[in-house]
Amino acid sequence: MEKDTSFLFSGITFDRKKFACEFARFQEKKENDNQPKLIENENPKIEQVTSARVDKKRKRKAPLSDPVEGFTLFKCSKTKAANEEPDHHEDEILQGKKEYHRQLERDALFRKKHNIHVSGSNIPSPFQNFAELQLRYSCRSYLLRNLAELGFKEPTPIQRQAIPVLLSGRECFACAPTGSGKTFAFVCPILMKLKNASKDGVRAVILCPTRELAAQTARECKKLIKGKKFYIKLMTKQLAKGADFSKLPCDILISTPFRLQYAIQKRKLDLSKVEFLVLDESDKLFELGLVEQVDAVVKACSNPSILRSLFSATLPDTVEELARTIMHDAVRVIIGRKNSASESIKQKLIFVGSEEGKLLALRQSFAESLNPPVLLFVQNKERAKELYNELKYDDIRADVIHADLSQIERENAVNNFRSGKTWVLIATDVIARGMDFKGVNCVINYDFPDSAAAYIHRIGRSGRAGRSGEAITLYTEADVPFLRNVANVMTASGCEVPAWIMSLQKKKWKKHRPQRESISTKPEDEE
Ligand SMILES: Nc1ncnc2c1ncn2[C@@H]1O[C@H](COP(=O)(O)OP(=O)(O)OP(=O)(O)O)[C@@H](O)[C@H]1O
């Protein structure tokens, strides 16, 4: 993609003139502020203006008067009364300075405890529990009630940090392990900021790389708004082809880039009022083939005060660099080690010699212990069909999902697997990212994944939300040169790997997609 022709690469500037009145209002508020100190500013525009202003101030001379989110002493402190003693004022400054540093220390300790790594300026304090969301940010009771109903007792580390970042009007790029609650980390601030339903056009867009993930995200959003009116729409084929968006109330629109780009072009969907844009599985969205469509969406979301955020379990440096060019004063939040697998998954490598050996090993493993639900990943849709034909007559309730199936067939495959009707689901990478199947006990990489990122996402379908899981990766002679890349991910998440594998040369990994023999146990003349 050409740097200078793409909107994604263009710099974003803040329109100070446009928000001058909000800024003035904020200054007034600051002086008359009698609010409890923990309650945060609700308006992202105001927050942005103040942080821009504060940056300037800091350069001049007064570092300690910077408002630090989570610590609002200076933000709320009154201006000095004319008859006040100068000594008293100096005492106040000293006290404030001490408290400021104490708060920074508390934040640092808390982040260390939860493995939260941040970079950026004026980073908001992480929050400790959901009650604090109400205290600090006036979170509405419907949301807290729904969280309790969903069984969310404690925020996860990514939620503790990313939610305050977004609520304070800062852009964010976040990398946290699979199954660690990233969806709620971006949906919660959107719901809190939107406050109420509106018929004034689309206000938030969530982009997901696959239809299945978009549908799942829409379903999760709906669970979170139970008891509260909001218009949440999933961009379906019908909607993209036939809807009159000017008459369709929509607060949050969830879509794949392809369908959204189509609707923008053909249905003249207006995204100029969008206040929040989330790129979920952002590294996938930045891959060739999708990035052009994402670019069109980013361009259509032309509101200058839009907040963009990027979330994924894998965040390559190239994507980070690209993200920096489109984001404004973003905060970077990394949980644990960047690009690592969830530590609750027991990972194993099994050598099967050749392609023939895979089916034998699989059948043997199922005969010894089949602990459903099991997800089986293969390299492409042809192999998915072949493996399904092999396993469908075995007594293991297998099903298959790949891109050649109709939308309804894909939905049925997912639903049957979710409900337990299917025990073993054979899949291509189409469901490797983001899909949240509760309690997948084992992921089997029947075919070796084509990248370390694909490995992390595939095995991340198990071991979610703190549960334990298992991942088995079968490999043949053809995969040996690529073993080290997966082995590195395994050791980084605490799994043991034989020393000979760790001594292999690290391959500069493009996509490892070898030509594989077809999957069949039938003699050739029978086929
Ligand atoms: N605070 C919480 N407490 C308990 N469960 C939670 C919490 N937050 C999210 N969950 C649950 O954890 C599961 C995984 O969450 P989610 O799908 O958002 O993970 P993710 O980080 O987006 O994973 P992936 O990288 O695979 O997309 C979901 O079932 C979700 O309901």
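The H on the amide N of G353, modeled in the peptide plane, is under 5 Å from the matching H of E477, each at least 5 residues off or on a different chain. Amide H contacts for C250 (H built 1.01 Å from N in the peptide plane; partners 5 or more residues away or on another chain; cut-off under 5 Å): G201. In this model, which of K284/K338; K222/K299; K195/K233 are farther than 19 Å apart at the alpha-carbon? Flagged as over cut-off: K222/K299. The HN-Hα couplings worked out from phi for the stretch 363-368 by the Karplus form 6.51 cos²θ - 1.76 cosθ + 1.60 (θ = phi - 60°) are 4, 5, 5, 5, 5, 6 Hz, whole numbers, x standing for Gly and Pro.
Taken one residue at a time, the phi angles of the stretch 379-385 give Karplus couplings (6.51, -1.76, 1.60, θ = phi - 60°) of 6, 8, 5, 4, 5, 5, 5 Hz. Gly and Pro are set to x.
For the stretch 322-373, give the magnitude of the charge dipole about the Cα centre (Cβ charges: +1 Lys/Arg, -1 Asp/Glu; no others), in debye to the nearest 20.
240
Across the stretch 277-356, counting alpha-carbon atoms alone, Rg and Dmax equal 17.0, 57 Å. Between the amide H of I426 and those of L376, D399, V400, I401, distances stay under 5 Å, these residues lying 5 or more places away or on another chain, with hydrogens modeled in the peptide plane.
Sparse packing (at most 12 other Cβ atoms within 10 Å of the Cβ) combined with a DSSP loop state is found for the following trypsin sites (Lys or Arg not before Pro) in the stretch 385-432: K421. Modelled this way, with points 7 Å down the Cα-to-C-beta line, the labels at Q515 and K222 are 4.7 nm from one another. Beyond 18 Å, the tail of the calculated P(r) for the stretch 89-180 holds 53 percent of the Cα pairs.
Of the residues A398, S365, V352, the one whose Cα sits farthest toward the positive end of the charge dipole of the stretch 351-402, with +1 on the Cβ of Lys and Arg and -1 on the Cβ of Asp and Glu, is A398.
We did not get these values from a lab; they are worked out from the coordinates using the rules stated. None of the values given here were measured: they were computed from a predicted structure. We place every Cβ from the backbone using ideal geometry, glycine too, and count neighbours over all the protein chains shown.
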